[in-house]
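Below: the structure, in structure tokens.
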Amino acid sequence: MIGWCGVPAPVSRILHDDDFLVLDRNAGIQCIAVPSHTRGHVLLYQKQLDTAFSGDSIQGGGIALTTGIYVFPLYDSVENYLLSLRKIGDLQAKYVCTGHCGILDREQTESALNESKQFVDTHSQYLLEVLRKSSGPLSLHELAAALHESYY
């Protein structure tokens with residue numbers, strides 16, 4: 001995969017929340033921190049096109065691979081993930097270009113955001129149920145196995 005990324009390039013600018021990148025006299029891109037997939041994840045918003053480029057910020061209930069297997073949503077922190085989903089929803093962008101779901105219009109974005117939030121709620125419930133049923137502490141491996149056996 002590294003080979004697909006092209007030749008190494010130095011970082012010429014570190015982006016921060018609310019930075020604005022000027023493209024030309026008539027257009028620019030706003031950088032919005034959405035620490036959902038990773039802590040440094042950003043969304044780029046182009047106001048004139050009312051379009052956001054969200055990368056892997058919206059993960060729904062997981063990502064379907066061509067093999068039919070689902071990859072569990074990957075986010076660093078539940079709080080940051082929910083905050084990021086809210087920021088994306090608050091934009092009300094006409095289009096959101098995602099890393100895994102294609103280009104979404106407002107209605108599709110809202111649906112994907114709701115699916116993502118529902119996954120967090122459902123998975124949290126599953127986790128609590130497994131922990132309540134446990135007679136003692138569980139290792140991460142035991143917890144994952146119990147979740148998989150009962151719910152996934």
Study note, to complete from the structure: Given unit charges at Cβ for Lys, Arg (+) and Asp, Glu (-), the dipole magnitude of region 81-152 about its Cα centre in debye, nearest 20, is 200 debye
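Can you work out the accessible area per residue across the chain, with the rest of the protein chains kept in place, probe 1.4 Å, in square angstrom? Mind dumping the intermediate values first?
Numbers: 10280 Å² over 152 residues.
Solvent-accessible surface per residue comes out at 68 Å².
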Check your understanding: Straight-line reach from LYS47: which lysines have a Cα under 16 Å away, not including same-chain ones fewer than 8 places off?
Key -> LYS87, LYS94
Study note, to complete from the structure: Highest GNM mean-square fluctuation among VAL130, VAL78, VAL42, for the chain with Cα springs under 10 Å, belongs to VAL130
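Normalising by the residue count of region 40-125, find the relative contact order in percent from Cα pairs under 8 Å and 6+ residues apart. Working shown, then result.
Numbers: 108 pairs, mean separation 27.9, N = 86.
Averaging sequence separation for qualifying contacts and normalising by length gives 32 percent for region 40-125.
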**Study point:** Helical contribution to [θ] at 222 nm, DSSP H n ≥ 4, -39,500 (n - 2.57), averaged over the chain, rounded to 500
**Key:** -12000 deg cm²/dmol
Practice item. At 7 Å along the Cα-to-beta-carbon direction for both GLU115 and SER139, put a label point, then send me their distance in nm to one decimal. Key: 3.5 nm
Review point. Can you pull out the trypsin sites (Lys or Arg not before Pro) in region 17-111 that DSSP calls coil and that have at most 14 other Cβ atoms within 10 Å?
Key: ARG25, ARG39, LYS47, LYS94
Exercise for review: Could I have the simple spin-label model distance between GLU149 and HIS100, label points 7 Å from Cα toward Cβ, reported in nm to one decimal?
Suggested key: 2.6 nm
Point to revise | Cα-based helix-to-principal-axis angle, 140-150 vs the chain, degrees rounded to 10 | key: 80 degrees
Exercise for review: With springs connecting C-alpha atoms under 10 Å apart, model the chain as a Gaussian network and identify which of PRO73, PRO35, PRO137 has the largest mean-square fluctuation.
Suggested key: PRO137
Review point. GNM, the chain, Cα, under 10 Å: largest mean-square fluctuation among LEU91, LEU104, LEU127?
Key: LEU127
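Give the whole-number value, in cubic angstrom per residue, of the convex hull volume spanned by the C-alpha atoms of the chain. Provide the component values of the computation, followed by the final result.
Working: hull volume 23.5 nm³, N = 152.
Here the figure is 155 Å³ per residue.
The values are calculated or read from the model by the stated rules, or taken from the named source; none is laboratory data. The model shown is predicted, which means the values in this text are computed figures rather than measured ones. Here Cβ is always computed from backbone atoms with ideal geometry, including for glycine, and neighbour counts include all displayed protein chains. Keep in mind that these areas ignore ligands, DNA and RNA; they rest on the heavy atoms of the full protein, side chains included. Shrake-Rupley method; radii C 1.70, N 1.55, O 1.52, S 1.80 Å.
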